[in-house]
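Worksheet: the structure to be examined is printed underneath.
The values are calculated or read from the model by the stated rules, or taken from the named source; none is laboratory data. These numbers were taken from a predicted model, which means no experiment stands behind them. Accessible surface areas use protein heavy atoms only, side chains included; no ligands, DNA or RNA. Shrake-Rupley method; radii C 1.70, N 1.55, O 1.52, S 1.80 Å.
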Amino acid sequence: QVQLAESGGGLVQPGGSLRLSCAASGRIFGFYRMGWYRQAPGKQRELVAYVTSTDSTNYADSVKGRFIISRDSAKNTIYLQMNSLKPEDTAVYYCNLGKPTMIYWGQGTQVTVSS
């Protein structure tokens, strides 16, 4: 089993920054990528960014240039630095870990961008 523990969400004003963390534990050997998804009220869950086991990264067009995903392999932790936040970034953010035979999800952390 794999456990994912997210932290770092909260309320921030437009233009502000937040950093999300996701620590993975358990049987993470063999994973091919970790990433962040988000789901706003009434909308489908969507990919935000991911980083592979070889540290390649990919971003949704809506966050390119504003968000940065990184990985600390020694801590089995990924981070999402979110800058220039907009109200439309408001959502529950979910950490995700992918293995060849299973995908794991965290419980989510709320990010609210509002003045």
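Annotations
- Taking E88, E6 and ordering them by how much accessible surface each has at a 1.4 Å probe, largest first, produces E88, E6.
- Size descriptor, Kirkwood hydrodynamic radius, that averages inverse alpha-carbon separations across the range 1-57, Å: 13.4
- T101 sits with roughly 130 Å² accessible to a 1.4 Å probe, with DNA, RNA and ligands left out of the calculation.
- Sorted from longest to shortest, the spans of the Cα atoms of the range 59-115 along the three principal axes equal 40, 22, 21 Å.
- Each Cα pair under 8 Å and six or more residues apart adds its sequence gap; the mean of these over the residue count of the chain is a relative contact order of 36 percent.
- F31 - accessible surface, heavy atoms, 1.4 Å probe, Å² rounded to 10: 30
- Solvent-accessible area assigned to carbon and sulfur over the chain amounts to 48 percent, based on a 1.4 Å probe.
- L18, L97, L11, ranked by accessible area, largest first (probe 1.4 Å): L11, L18, L97
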